[in-house]
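Undergrad: Can you keep this structure in mind? I'll have questions shortly.
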Amino acid sequence: MTNFGTCDLGDARRTQRAVQVAVRMADHPGGSSPQQMTDWAELKACYRFFHNPAVTFDALARPHWEQTCAAAKGRVLILNDTTTISYKERREVKGFTRGGKGMPYGFQLHNALMVDADDGAVLGLARQELFYRVPAPKKENRRQRARRPRETDVWGRIIDAIGVPADGVEYIHVCDRGADSLEVFCHLQQQQRCQWVIRCSHLNREVQPVVSGELASATRVERVMAGLPLGGTTSLSLRARPGQPARTATLEVRVVAVSIPQPRHRTPYLRERDFRGLRQTLVELREVAPPRGVAPLRWVLWTSLPVTTLDEALAIAKIYEQRWLIEELHKAMKTGCQLEDRQYESAHCLEGVAGITSVLAVRLLALKQLARSAPQTPAADVVPKEWLRMLEILRKRPLPTVRDFIRHLAGLGGFLMRKGDGEPGWITLWRGTQKLTIALQTQAALKRKCGL
Ligand SMILES: [Mn+2]
């Protein structure tokens, strides 16, 4: 847990406390705080710690972000997305307001997860931002809308905060339809050695196709795609989605270079940068003959990466397919670490808990991902020693690899490990982690009381 050693929390003792709390929470990622803190004095100190105004989300998570960016090598994907952390089932929390429709009782967490582009290994969080949703004004025209700060601005802020990669490193930002905005493209364009793959949301956006080096007249994305010749057919294996098993999809691929012209209503940001237009490539993947009852996959993707061959187009699709890992991280936070079930009474405390939990969730995700991508990795290299030893005792067998460890940790939580059960999910992993935690605490208590 070197991550918390460099926290800037105002004074050294507070830093010390942050490290202690983080280490305990790392040992017991699924428990709520009373379970995590061993005795009453420690528990009180922990509550005081999160109440301290200097102990903010940023201060707790920043060392991890910096460490992640510094360790990046070669080509890395940065998967960006926002999730809602909601405490709606709980009693009053100081600092939260109850809003209307679409207004969560809690906060938004925007995460940028770094993943190795070649092997899919989870490297950590490159940046995060915690913010509160503000309702949009009821009546406004397009000009007013372009001028006020908006929730989608967070994509650009995070891109700027991550900034330019170190020498020999290339960043590829991957975003869903929420990031299809001129401002986001402009932020990305400003960073060197930053590429992107972003799913197109505005199919009625005006673009100018690039035809033999010249800009054709402006038409809408949908019309450009409809007029394109078939670039080729390829296949892509898709992971399982809710209500759909994994499948190999046959895809028609179409590619076109386009330029986005200067918009009629420029935001202050675009005006400042003198945005006049931007060239990039649109890649369309359209599934043919999907299984019965399954909606065909259709992705229209913006990308800055060069795409001229069918293989390059398929590489873009594979990059976008990796985006599911950020959804996994959100599950790791909510289901794997029960972030929305913490018993603190103020928003400030819950924000601090979110800072520490984020780092722990990313560690659990990295382990789960490793069990999938490099299952033969020795467990002893990547799992805390005490965890491994205790799980081997409880499961009455040696657990040499990381895959054995993850499966048996889930097995402790009710995962049956039959042939057709696939890989364990977050609920069984969480229950398993809790049981392992209790066993470790019992062992520690016996050692203290009886000298065993
Ligand atoms: Mn999203």
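The values are calculated or read from the model by the stated rules, or taken from the named source; none is laboratory data. These numbers were taken from a predicted model, which means no experiment stands behind them. Here the Cβ is made from the backbone with ideal geometry for all residues, glycine too, and neighbour counts use every protein chain on show. Accessible surface is based on the protein model in full, side chains and every heavy atom, while ligands, DNA and RNA are left aside. Shrake-Rupley method; radii C 1.70, N 1.55, O 1.52, S 1.80 Å.
Undergrad: Of the options T68, T433, V154, report the single residue whose Cα projects farthest towards the positive end of the charge dipole of the chain (beta-carbon charges: Lys, Arg +1; Asp, Glu -1).
TA: T433
Undergrad: Note down the magnitude of the dipole of the stretch 162-244 about its Cα centre, charges +1 on Lys and Arg C-beta and -1 on Asp and Glu C-beta and zero elsewhere, to the nearest 20 debye.
TA: Computed charge dipole of the stretch 162-244: roughly 360 debye.
Undergrad: Specify the angular offset, from 0 to 90 degrees and rounded to the nearest 10, of the alpha carbon long axis of helix 402-412 from the longest principal axis of the alpha carbons in the chain.
TA: Here the helix axis deviates by roughly 60 degrees.
Undergrad: Towards the positive end of the charge dipole of the stretch 64-197, with charges on Cβ (+1 Lys, Arg; -1 Asp, Glu), say which of I85, W196, P165 has the farthest Cα.
TA: Among I85, W196, P165, the one farthest towards the positive end of the dipole of the stretch 64-197 is I85.
Undergrad: Would you calculate a helix-derived [θ] at 222 nm for the chain, using -39,500 (n - 2.57) for each DSSP H run of n ≥ 4 and dividing by the full residue count, to the nearest 500?
TA: Values: 16 runs with 181 residues, N = 452.
Here the helix-only value at 222 nm equals -12000 deg cm²/dmol.
Undergrad: A further question on this structure: Which number do you get for Rg(Cα) / (2.2 N^0.38 Å) in the stretch 375-452?
TA: 1.14
Undergrad: Right, next: About the Cα centre, and with charges only on the beta carbon of Lys, Arg (+1) and Asp, Glu (-1), how big is the dipole of the stretch 269-343? Nearest 20 debye, please.
TA: 200 debye
Undergrad: Please report, for the Cα atoms of the stretch 156-227, the Rg to one decimal and the Dmax as a whole number; what are they, in angstrom?
TA: 14.4, 41
Undergrad: Further, regarding this structure: How long are the three semi-axes of the equivalent ellipsoid of the stretch 164-298, in whole Å, if each is the root of 5 times an eigenvalue of the C-alpha gyration tensor, listed from largest down? Walk me through the numbers before you get to the answer.
TA: Working: eigenvalues 172, 79, 43 Å².
Calculated on Cα positions only, the semi-axes equal 29, 20, 15 Å.
Undergrad: Now for a separate question. Report the Cα-based extents of the chain along its three principal axes, largest first, to the nearest Å.
TA: Principal extents (Cα only, largest first): 82, 50, 45 Å.
Undergrad: While we're on this one: Mind putting a number on the dipole of the stretch 287-421 about its Cα centre? Charges go on the C-beta only, +1 for Lys and Arg and -1 for Asp and Glu, and I need it in Debye to the nearest 20.
TA: I would put it at about 660 debye.
Undergrad: Tell me, what % of the accessible area of the stretch 65-166 is carbon and sulfur with a 1.4 angstrom probe?
TA: The value for the stretch 65-166 is 50 percent carbon and sulfur by accessible area.
Undergrad: May I pose another question? Once phi is turned into θ = phi - 60°, what whole-Hz ³J(HN,Hα) does the Karplus curve with 6.51, -1.76 and 1.60 give for every residue of the stretch 338-344, x standing for Gly and Pro?
TA: These are the phi-based 3J(HN,Hα) values: 6, 4, 8, 10, 9, 9, 9 Hz.
Undergrad: In addition: Can you flag which of K88/K435; K94/K385; K368/K449 are past 30 Å Cα-Cα?
TA: Violating the 30 Å Cα-Cα cut-off are K94/K385; K368/K449.
Undergrad: Right, another one. Can you give the accessible area of E66 in Å² (nearest 10), computed on protein heavy atoms with a 1.4 Å probe?
TA: 100 Å²
Undergrad: Determine the equivalent ellipsoid of the stretch 286-336 by diagonalising the alpha-carbon gyration tensor, then write out the semi-axes as square roots of 5 times the eigenvalues, largest first, rounded to whole Å.
TA: 25, 19, 8
Undergrad: State the percentage of accessible surface on the stretch 375-452 attributable to carbon and sulfur atoms; use a 1.4 Å probe and exclude ligands, DNA and RNA.
TA: Carbon and sulfur together cover 58 percent of it.
Undergrad: Report the equivalent ellipsoid semi-axes for the stretch 240-283 in whole Å, largest first, defined as the square roots of five times the eigenvalues of the gyration tensor built from alpha carbon atoms.
TA: After scaling each eigenvalue by five and taking roots: 37, 16, 7 Å.
Undergrad: Another question, then. Which whole-number value in Å² is the accessible area per residue of the stretch 375-452, probe 1.4 Å? Write out the running numbers ahead of the final one.
TA: Numbers: 4610 Å² over 78 residues.
Per-residue value: 59 Å².
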